[in-house]
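The values are calculated or read from the model by the stated rules, or taken from the named source; none is laboratory data. Small disclaimer: the values here were computed from a predicted structure and weren't measured. Cβ sites come from the backbone with ideal geometry, for glycine too, and all protein chains shown count toward neighbours. These accessible areas exclude ligands, DNA and RNA; they are computed on the full protein's heavy atoms, side chains included. Shrake-Rupley method; radii C 1.70, N 1.55, O 1.52, S 1.80 Å.
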Amino acid sequence: MRLKRVISAALAVSMAVSMMPATAVSAFAEETSTNTAVTTTTVNENAPTSGDCGVEGHEEVKWAYDESTKVLTISGNGPMADYEGIDDTDVGTEKDLRPWKPYLDQITEVHIAEGVTAIGNSAFRGMKALKKANIPASIRDLGDYIFRYDEALEEVIWAEGFEAAETTDVDSNQNVYTGKYLPTSMFDYCYELGNGKELTEWLPKSFEGIGCAAVRGTQFTVDFDHWSNLKYIGAYAFSTMPNLESFTLTDDIKFGLRKNS
């Protein structure tokens, strides 16, 4: 018989933060900042509306923005490029190398076509008008910070039968956790996401855990009693979720970024 522990969300967050090593605190300083700069992009009339967005060697992966429908489409066969060199204050600036940067404040929907195999780090980060997105079954790799600070994002549609890929996390004791976890900050501070929804009903069944800050600040409720394959919870994973007041945890669930007692 597995023992259960019920702890408050606030206590869980406090534990995760206070027990983090200095290197981990530095790594997550971006996540805990509340002084996020607001950047407004200005569209150059000569800015392109389509082009390449695949990793090197995958020029067949393309992006296209329809100015009439305000839909950004990613298509092709292969992985998207990563855009990991930006943080919240870099969104829309010269450091932001995403080719759709001129339209960050206009795009209301992201459509990813079947055939795309990976979504790059920070791909759709800080898109203030974005309300809807999808994730097709062909995706085999999800980057970090994909939708971070997409404050208007209301709907994300996972393909039926989506199979989560493995990710890893290392705690303060250098223990490595490997499993099918929602990546770091994937939906971090997506304040409108999950309204009226229960997380385990929305999230594909293949996910076995939640990475650091992956759904922080969202509106989801979480039915831990029915999340039978939950194995891992990263730091800040369920922080500042207004509809979540407590966790019900079994002793076989691992908590990331903590020290041994």
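Numbers at a glance
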quantity: Rg/Rg_globular for region 161-201, with Rg_globular taken as 2.2 N^0.38 Å and Rg from C-alpha atoms; calculated: 1.49
quantity: FRET efficiency for residue 240 and residue 141, using Cβ-Cβ distance with R0 set to 30 Å, rounded to 0.05; calculated: 0.60
quantity: Percent accessible area from carbon and sulfur atoms, region 140-261, protein chains only, probe 1.4 Å; calculated: 41 percent
quantity: Residue 97-residue 229 pseudo-label distance in nm [points 7 Å out on the Cα-to-Cβ vector]; calculated: 3.5 nm
quantity: nm² value of the averaged projected area, convex hull over the Cα atoms of region 108-257; calculated: 8.2 nm²
quantity: Counted charge near residue 155, where neighbours are those whose Cβ lies closer than 13 Å (Asp, Glu -1; Lys, Arg +1); calculated: -1
quantity: Per residue value of the accessible surface for region 184-255 (all protein chains in place, 1.4 Å probe), Å²; calculated: 36 Å²
quantity: Phi to ³J(HN,Hα) by Karplus 6.51 cos²θ - 1.76 cosθ + 1.60 over region 180-195, Hz, x for Gly, Pro; calculated: 8, 10, 5, x, 3, 6, 4, 10, 4, 6, 8, 4, 8, 6, x, 4
quantity: Gyration tensor verdict on region 94-143 (Cα atoms; rounded if a/c is under 1.5, prolate if a/b is larger than b/c, oblate otherwise); calculated: oblate
quantity: For region 209-251: rounded, prolate or oblate by the Cα gyration tensor [a/c cutoff 1.5]; calculated: oblate
quantity: Rg to Rh quotient for region 134-217, alpha carbon positions, Kirkwood Rh; calculated: 0.96
